[in-house]
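Here is the structure we will look at, set down as structure tokens.
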Amino acid sequence: MNAAPALLGYAAAVGVLAPRVMLRGGWPHRAPVLAAAVWFALGTSFSVCVALAALHLATPGAHLHGILYSCGVALGVGPPDAGAVRRLGVGVSAAVPTAQLAAFAHHALRARAARSRHRAILDKVGRPSASLGATVLDHMTPTAYCLPGHRSRIVVSSGAVDLLTETEIAAVVAHERVHIAGRHHLLLAAARAFAIVFRGVPLARHLGQQIPLLLEMAADDGALRRHPHRTLVTAMFEMASAGAVAKGAVPKGALSAGGRTVPIRLRRILAPARRTRPAFRAVVAGAAVLMPLLPLLLACPPGLA
């Protein structure tokens, strides 16, 4: 039995229908970390499904273990009896993870280079502030951002220092610390890589849009664990009103507490508190773990292995 139709059907459901379900639900904004995990699980499941479907189309009737043997043959590990169609299927299957890894490396290295250049500038013109736990940069626009990765750094403009109170700046700095600790820059690179490789697929488009927003919400939640809601809300509103989203205020490769997502995040923080139930979280987390494995079960059902 050829599993390609089932795999393609599953890929269509994950690529088209699953994003609609995620966007209609209200829980992702209440549990942004869990929601981000689900988006990435959907992306991984879709990638595996497409790769396995290509192999099954090239090797009709074979189960997963047989397909893996065919991969070895097509790649030169085994008897040289692989046909052109089989080689094409293996090539398409290998191209899926290869393209994603290449896109991820491109974005990650490009952002890293931009951060390195900006650090060099900060070493010359920035003023380290022990009391703020950040580097102060002379800039009229009130803004705050972090440079994650090696030699991570949090930057606060002099405009933000003049505009905000000490407690408000502390809340903003706490927001940036969550970005650094969570290595959110790598997650953003992975989301952008998936969005580029599968451009045109609804899942890729929405994943590329939702991950940045969910990571900002996760950083907000981290800051709110240490600071009152009103403090963070005031800081976000003041900086947004003063033009913190101005072009050039935040360098490439940096993560900022401001940006275009501020209105959505403000409404979320100011809305009545609603938490997801532990049982729901456990079910969704379990589903996120199992989703990448479902294409493997479709490719090689346990009873037919």
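Overview of values
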{"item": "Considering only the range 4-304, percent of DSSP beta bridges that pair antiparallel, nearest 5", "result": "75"}
{"item": "Fraction of the pair-distance distribution of the range 82-206 above 23 Å, Cα-Cα pairs, percent", "result": "49"}
{"item": "Mean separation of Cα contacts under 8 Å (6+ apart) over length of the range 4-304, as relative contact order %", "result": "27"}
{"item": "The range 155-231, relative contact order [Cα under 8 Å, separation at least 6], %", "result": "42"}
{"item": "Rg/Rg_globular for the range 4-304, with Rg_globular taken as 2.2 N^0.38 Å and Rg from C-alpha atoms", "result": "1.19"}
{"item": "Dipole axis of the range 4-304 (+1 Lys, Arg; -1 Asp, Glu on Cβ), positive-most option in PRO5, THR44, MET217", "result": "MET217"}
{"item": "Check: the range 173-252 dipole with +1 on Lys, Arg Cβ and -1 on Asp, Glu Cβ, in debye", "result": "240"}
{"item": "Peptides ranked, highest mean first, by Cβ atoms within 10 Å: ranges 211-222, 168-179", "result": "168-179, 211-222"}
{"item": "Charge dipole of the range 4-304 about the Cα centre (unit charges at C-beta), most positive-ward option of SER256, ALA287, ALA240", "result": "ALA240"}
{"item": "Cβ-placed point charges (K, R +1; D, E -1), dipole of the range 4-304 about Cα centre in debye, nearest 20", "result": "220"}
{"item": "FRET efficiency for LEU101 and MET140, using Cβ-Cβ distance with R0 set to 35 Å, rounded to 0.05", "result": "0.25"}
{"item": "Theoretical gain in end-to-end length, LEU17 to ILE264 [0.36 nm per residue, Cα-Cα removed]", "result": "86.5 nm"}
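The numbers here are math on the coordinates, done by the rules we state, and not lab data. Being a predicted model, the structure only gives us computed values, none of them experimental. No Cβ is skipped: glycine too gets one built from the backbone with ideal geometry, and neighbour counts run over all protein chains shown.
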